[in-house]
Amino acid sequence: MARPDKISRFLPLTFANGNSVRRFGKHCPQCRTMVGAEHMDGLASLMQGKIFLSAEACCPQCGQRFPVACVITDDKRVHRVLLPLWIFRLWLRSATRHDPQPAGNDNWDVEQTETPQGLMLPADADVVRSDEILGRFQGEPICAWIEYQGQRFVFDRAAPGHNLTLTPSELLLEGRLIYRQQ
């Protein structure tokens, strides 16, 4: 069950369209200093394509405490909550009762270990291609399967991006097509 915590521990939250909310802040009503998520205690949850946030903020400059209640849409627009604050908080606690508590990853040290990766073939690799064409990607044909060093790989997906990771059973062909070992 998610319990109220620093809002910064709930972030980042990523919408289905790829937009992500990594930071959040609100101006102090007394001194107009920007109060960040690390100075807010409450709940934040991504539900129904929106981030619902309810917290109590404490201004680090003047010590003023003030409530924060808003909904953030997938286009990163922040909307005021028109419900009375106590009803919104009650609803949000109820809606997040089955959510896990965010991990305390503020001071984690990640060990760098070698993870096995798939093959990335150079353009001149000796590859046998099937005659069966599944379609085209970036104007080039996609073969149903290929053979490399006596092993057969079937087409899995196209790779339009540059930051990709391959599992040990995958092969990247021509920097754009991923095949999986059969």
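Just to be sure before I move on: is R32 more than 18 Å from F88 (Cα to Cα) and not in a loop (DSSP other than H, G, I, E, B) in the structure I sent?
Criteria not met by R32.
Residue-wise test of (1) open to solvent by 80 Å² or more (accessible area, probe 1.4 Å); (2) not in a strand (DSSP E or B).
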position: G18; (1), (2): no, yes
position: R23; (1), (2): yes, yes
position: K26; (1), (2): yes, no
position: F66; (1), (2): no, no
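Does at least one position in the stretch 84-95 carry a residue that is part of a strand (DSSP E or B) and touching a strand residue (DSSP E or B) at 6+ places or on another chain (Cβ under 7 Å)?
The answer is no; no qualifying residue exists.
Considering D75, D99, which residue is modelled with pLDDT of 85 or more and open to solvent by less than 100 Å² (accessible area, probe 1.4 Å)?
Result of the check over D75, D99: D75.
Give the stretch 129-161 a look and list any residue that's of a type in the set (V, I, T) and open to solvent by 60 Å² or more (accessible area, probe 1.4 Å), or say none.
Hit for the stretch 129-161 is I133, nothing else.
In the stretch 133-165, what count of residues is obtained for those that are of a type outside the set (D, E) and either in contact with a strand residue (DSSP E or B) (Cβ under 6 Å, 6 or more places away or on another chain) or not in a loop (DSSP other than H, G, I, E, B) (or both)?
Here the count works out to 20.
The values are calculated or read from the model by the stated rules, or taken from the named source; none is laboratory data. Quantities reported herein were computed from a predicted structural model and do not represent experimental measurements. Glycine gets a Cβ as well: all are built from the backbone with ideal geometry, and neighbour counts include every protein chain shown. Ligands, DNA and RNA are excluded from the accessible area calculation, which covers all protein heavy atoms including side chains. Shrake-Rupley method; radii C 1.70, N 1.55, O 1.52, S 1.80 Å.
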